[in-house]
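The values are calculated or read from the model by the stated rules, or taken from the named source; none is laboratory data. Every value quoted in this text rests on a predicted model; they were computed, and no experiment measured them. Cβ: placed from backbone, ideal geometry, glycine included. Neighbour counts: every protein chain shown. Note: areas computed on protein heavy atoms with side chains; ligands, DNA, RNA excluded. Shrake-Rupley method; radii C 1.70, N 1.55, O 1.52, S 1.80 Å.
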Amino acid sequence: MPPFKDEHILIIAPGSQVTLAQLGLPESFTPARYRFPTRMFPAEKKGEFEPYKIRERRQDGKPSNGTSAPKEDVEMKDAETSAPEATGNNEAAPKPENGEQEDKKDPAEGQDTNGETKKEAQQIFYEEDITSDEGAIYPLENGHIVDWPCFFALLTHVHNTLSPPFHTPIMLISQPAWSARDREAITQFVFEKFKTPAFCMMDSALAICYGYGTSTAAVVDVGKGKVDVTAVTDFLVNEHGRGIALEGCGGDYMTDRLQELLGSKGFTREMCEQLKRSNITEILPAGTPLPGTAATARQNPNPAAAASTGGQDGGPNDAVPRGPGEGTQTGPEGTNGEDEDEGVLDVAAIVSGNTSEFLANREKEKAEKSSSKKGSVDQSGKPIRLPNSKKEKASFQYEEYARLEPEKDAPNAPPRYIRQTREIEVGVERFLSATPKQKTGERLTSNILEDIATQIHHTILSVPDASKRSELWDSLVVVGNGSKIKGFTQALLNTITQKYVLSPSATIFTSELPSNFSTPMPTGGTNTPAPGQTGPFNTPGHGVNPLLVAATHSNNPTAGNMPGTPSMDPSMASHYRSTGHSQTPTSVKTLKPPEYFPEWKEHGNSNVPGTSGSAGMNNGPNAGPGGPGAPSGGHGMEEAVFLGAQVASKVVFVIDQGLSKGFMTRVEYNENGPSAIHEYSM
Amino acid sequence: MNPSIPPSTAEYGGDEVSAIVLDPGFSTTRAGFAGEDTPKSLIPTYYGKYTSEGQDRLIFSDDVFVTPRPSLSVHNPMGRDGIVEDWDMAEKVWEYSFTSRLTGPRPGNPFQNGLNDIADGELPTEMEGVETEEKPLADSPLLMSECGWNPTKAREKTIEIAMEKWGTPAFYLAKNGVLAAFASGKASALVVDVGASNISVTPVHDGMVLKRGVQHSPLGGDYISSQIRALFKANTPQPITITPHYLISSKTAVDAGQPSQAKYKTFPPGKAPDASYRTLLEERTLSEFKECVVQVWPGPNKLSATGPSGVSNEEVAKSNPGRPFEFPDGYNQVFGLDRYRVVESLFDAKAAIPDTESPFPAPTQAQTVPELIKNALNGVDVDIRPHLLANVVVTGASSLLHGFTDRLNQELMQTYPGPRVRISAPGNTAERKFGSWIGGSILASLGTFHQMWISKKEYEEHGPTIVEKRCK
């Protein structure tokens, strides 16, 4: 088989909300070129699916000479509506859709040309309904494939849209929740439907490790409705103890919580979703007083002072000021109940944008919109900016579709929609998205952070190689669009620290140590260096306090130095037992993302809702972030899985070329059948 | 290959399916495809049960450990002696073990899997009836393991479930001792299996269990846990209580030996999980303790004896530096001699730490590992004893206790100074934990094993009693 080329590789990464796809590897790896919503709509024929919601509109054919006029209108408008959207970000009126529309209209057109006699004939228009996804089928739920025909239809749609040549190897990122049989079914489908010469199915956690350029990591993938926690050691996914599709822990939890808090104030779910994605929603470190509460009250009336302290920087301000100490505040968990009950915080109010007004002067608005799209949507008008975490209220831009009245001269034209934006103001509820829900349902844990932390602890503790555990704790990778909310990762680390990290080694050096215990050497160098430090007993985990290591393992040099002592033979012990097994975690850290992929650097948080992520409302593939330089819509390392998929494709298909059985070839498939995928799936 | 020319249409037409190997234990249930090196699915045999909205709900798998639920109680369908007590639940747990990660709930309707072109109008023909009859294992042969002392009734019940409930086309029931021997590549071996609820010693000769020699005692991992609890209770100045993580909202660092200053969680009344749940979660902490702290006195001689240099072994053990351990509530302490004492009774019944409240009665000398081995060897033919001693296979997760094999080696050398004693214990943790599963995986993927399967047809002809005849 001739070698595979970079530009032929097809990568598909299905997720519960968005399926990422790309044909060909660019010189420098970019975020996914295509983002398909993971949903299909039932087609007219039962058992078949359409990628777009098509609505049938019948209308009485209007007389005569103008028969072709409506049609022209349709197309014009289509182009018109899509134009600003394309410059925006997520909306490109999908080309295939246009084609389809035309095809389907052909008969109608034919009728028209046939004769003008059929004045009363009904014309059937098929049009895309962009305003709702009602009736959509989401084939993936919490990572599980719930609707196979629909899932396959989606894969086919992705494949057709990208229309790769036949000599295209396919890399498919698999969800941890897929069972072995699921993987076989997909393998069979891919080989028999797409006729691919080579196929690789890679576990998403592993792909994330490739993306981060690490061989060992504890991967936390926060999705829409679920969280996957996986311990990867030496590029090996530890299946045992893996947290697979932990339900109710994903981004939806936070939307639900926001809705719970704001629902009474007239917030719809879509509003909460966009609020969650906007950059005013944060998870504050525990102990930070909420703005507007007593502790910060004095700051509010004095915005000038705050402004002088450099409040101008619009950035998310990582160094969120710590609270004055635990004593003064009981922390968010304590306060939030009060907040709700007393109604301290103002009702979120809709500031601007009454729909009817809006429609009246839509032309003006359009212009405004396009201008606001071009620049970053900064509320630069505001003279003073406090850091978000200090503002009692903040507003975000809510986007929705509004139907335009048909124009007078063309009443037959299909309804047109524009996206309109309005600002909505929210109070401190925006900081409470990760707090415990009132309706806890069947859980007794208090919030998602705690659930995730517990799962991480369980997963790492289940890794059989105990010596790897501390390394895992120190290489936490938190990805997935659900983790995008500001402060999420930090809050998760705090939760872990609070619950699981062991107290500092100081507690170990007490009088309880045996008398012959030699004083441990903090630097490990000045005196006789302990030979055991380099021996097989050395804890490989970095970041472990050397004192702790010395204390817990100082028996090992003893064993090595004094063969007479009847302690265990080090070589035997190291053979039979994973060594260096001290309790973990002594510390917990996140892994730094690689810096050599410029396209994957976090871009300034754009405030455009809907761009950030998972696109409940986005239709069609996003032509979006084309080249470097174009705003990537803020897809940072949350989608590291796709970066990893590209790295892995390069390694598996181009560099390795199958020498180490990284992918399954067609020949092998023909010989061994789908179940052989388990020997290749990575 | 030209990228624009479609490939020739040669397609896979076979229907090879690999068998599923199911190795149910007391603490965990292992399942996976034959031919693989570790079981893909590992779930606790414990399951959780709670009531929500008037309905009983069951939780399987690791979720039990992670999410506490209101009034959750934890149960185990297996009895302490390794024999199933609650068949209905055992069936559910086992079924979950292979459906969750391996086979998926049900195979889909072939008409809708996107691979079959369907002519118009042919589609919605009545497939309903067919689909509902589909059973979870309808297309995979199943190899299951059992303990060496499984009674006939239990064996018959097992094949009944496999054939009638799961619809497997072929079935075999193998003794886990034999499988563990196969896993280390031996047809004859003395298998010492240290599990959670039992220690068993199984003499295997030419792939057959020598029934008279099979020995087992309850001094498994759970017994060690009970010893550790006894130690904690007797701890001075104050007894140590284990508070599992789910009861703690945050902890504060304290000095060793100082009382903990954790913030505890409160549950609304009537919602707190059952005591059995707490016990299960405490067990998690205890197994961490076993991994990090507990060590078997490596010998020679017992911990209570005097070493060759005239110093008592306890003194030597004391002089080894202790190991620190921090409990979920932040309490921490260094364990010195005590970490040897908790396991000493596996070898020396007199060394057991007394605890009147423990569910385990004080062990007798006959229950210790060396005695079990002695009895097992006494139960077999004199001629094969040396051969067995030269092939001692140690398996089971509790045998991973630090220093266990060294001590066992010492004990055997002392008891049998003549013949060559050779212990084979895989260094790889997974191989030790899943010894019998791996053996099953090897066995079921052998070509020669194909004639051993009990087919569905044979079962229908002879009924469940066939298992006694075929699976010796």
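What full-extension length gain, to one decimal in nm, is calculated for B:Thr364 and B:Thr306 as 0.36 nm per residue of separation minus the Cα-Cα distance?
Computed gain between B:Thr364 and B:Thr306 is 18.6 nm.
Can you work out the FRET efficiency for the pair A:Phe166 and B:Leu446, with r the C-beta to C-beta distance and R0 = 60 Å, to the nearest 0.05?
After rounding, the FRET efficiency stands at 0.95.
Give the ranking of A:Thr214, A:Thr590 by solvent-accessible surface, highest area first, calculated with a 1.4 Å probe.
The most accessible residue leads, giving A:Thr590, A:Thr214.
For the range A:220-258, which trypsin sites (Lys or Arg not before Pro) are in a loop by DSSP, counting at most 11 other Cβ atoms within 10 Å?
Sites meeting the loop and neighbour criteria: none at all.
Sorted by accessible area (1.4 Å probe), largest first, how do B:Trp453, B:Trp149 line up?
From most accessible down to least: B:Trp149, B:Trp453.
Taking the 0 to 90 degree range and rounding to the nearest ten, how far is the long axis of helix B:87-98 tilted relative to the main principal axis of chain B, both from C-alpha atoms?
For helix B:87-98, the angle is close to 80 degrees.
How much length, in nm to one decimal, is gained on full extension between B:Met413 and B:Asp86, taken as 0.36 nm per residue of separation minus their Cα-Cα distance?
Full-extension gain reported as 113.5 nm.
Would you list the P(r) distribution for the range B:366-433, with all Cα-Cα distances sorted into 5 Å bins from 0 and each bin expressed as a whole %?
Spelled out per bin, shortest first, that is 3, 16, 27, 27, 17, 9, 2.
With the crude spin-label approximation of a point 7 Å out along Cα→Cβ, what separation in nm comes out for B:Lys457 versus B:Arg57?
Simple spin-label model gives 4.6 nm for this pair.
Report Rg(Cα)/(2.2 N^0.38 Å) for the range B:17-57, keeping two decimals.
After normalising by residue count via 2.2 N^0.38 Å, the value is 1.60.
Measure off 7 Å from each Cα along the Cα-to-Cβ vector at B:Ala253 and B:Asn378, then give the distance between these two points in nanometres to one decimal.
About 5.6 nm, to one decimal.
Mind ranking A:Leu502, B:Leu72 by accessible surface for me, highest first, 1.4 Å probe?
A:Leu502, B:Leu72
Suppose a student asked you for the relative contact order of the range B:219-361, using Cα pairs under 8 Å spaced at least 6 residues apart; what percent would you report?
Dividing the mean separation by the residue count of the range B:219-361 yields 32 percent.
Calculated from DSSP H runs of 4 or more alone, at -39500 (n - 2.57) each and per residue, what is the 222 nm mean residue ellipticity of chain B, nearest 500?
Counting only the DSSP helices, I get -8000 deg cm²/dmol.
Can you tell me, using C-alpha contacts under 8 Å and at least 6 residues apart, the relative contact order of chain B as a whole percent?
So the answer I get is 20 percent.
Helix B:221-233 versus the longest principal axis of chain B: what is the Cα-based angle in degrees, 0 to 90, to the nearest 10?
40
List the GluC sites (Glu not before Pro) in the range B:335-408 that DSSP assigns to loop (not H, G, I, E or B) and whose Cβ has at most 13 other Cβ atoms within 10 Å. Which are they?
Taking the range B:335-408 and a limit of 13 other Cβ atoms within 10 Å, the loop GluC sites (Glu not before Pro) found are B:Glu357.
Using a simple spin-label model with points 7 Å from Cα along the Cα→Cβ vector, what separation in nm is obtained for B:Tyr264 and B:Lys153?
For B:Tyr264 paired with B:Lys153, the spin-label model returns 4.3 nm.
Relative to the Cα centre, what is the charge dipole magnitude of the range B:219-361, using +1 at the beta carbon of each Lys and Arg, -1 at the beta carbon of each Asp and Glu, and rounding to the nearest 20 debye?
That gives a dipole near 240 debye.
Can you give the accessible area of B:Thr241, probe radius 1.4 Å, in Å² rounded to 10?
It works out to around 90 Å².
Using Cα centres only, tell me the gap between the range A:134-158 and the range B:280-309 in whole Å.
Between the Cα centres of the range A:134-158 and the range B:280-309 lies a distance of 53 Å.
How much accessible surface does B:Lys433 have with a 1.4 Å probe, in Å² rounded to 10?
That residue has around 70 Å² of solvent-accessible surface.
Given +1 on the Cβ of Lys and Arg, -1 on the Cβ of Asp and Glu, and no further charges, what dipole in debye does the range A:148-266 carry about its Cα centre, rounded to the nearest 20?
Computed charge dipole of the range A:148-266: roughly 280 debye.
As a test of understanding, state the convex hull volume per residue of chain B from its alpha carbons, in Å³.
Measuring per residue, one finds 229 Å³ for the Cα hull of chain B.
Give me the summed buried accessible area for the B-A pair, 1.4 Å probe, to the nearest 100 Å².
7400
According to the square roots a ≥ b ≥ c of the eigenvalues of the Cα gyration tensor, what is the shape class of the range B:301-424, taking rounded for a/c under 1.5, prolate for a/b larger than b/c otherwise, and oblate for the remainder?
Judged from the Cα gyration tensor, the range B:301-424 comes out prolate (a/c at least 1.5, a/b above b/c).
For the range B:219-361, restrict the atom set to alpha-carbon positions and state the Rg and Dmax in Å.
16.8, 60
First check a/c for the range B:172-273, with a ≥ b ≥ c the square roots of the eigenvalues of its C-alpha gyration tensor; if it is under 1.5, answer rounded, and if not, answer prolate when a/b is larger than b/c or oblate otherwise.
prolate
Which value, in Å² and to the nearest 10, is the accessible area of B:Met208 when all protein chains are kept and the probe is 1.4 Å?
Number for this one is 90 Å².
What accessible area per residue comes out for chain B, rounded to a whole number of Å², with a 1.4 Å probe?
41
Give the share of C-alpha pairs in each 5 angstrom bin for the range A:146-260, from 0 to the last occupied bin, in whole percents, shortest bins first.
2, 10, 17, 18, 17, 17, 13, 5, 1, 0, 0
Leaving ligands, DNA and RNA out of it, report the carbon-plus-sulfur percent of the accessible area of the range B:219-361 at a 1.4 Å probe.
Percent of accessible area from carbon and sulfur atoms in the range B:219-361: 54.
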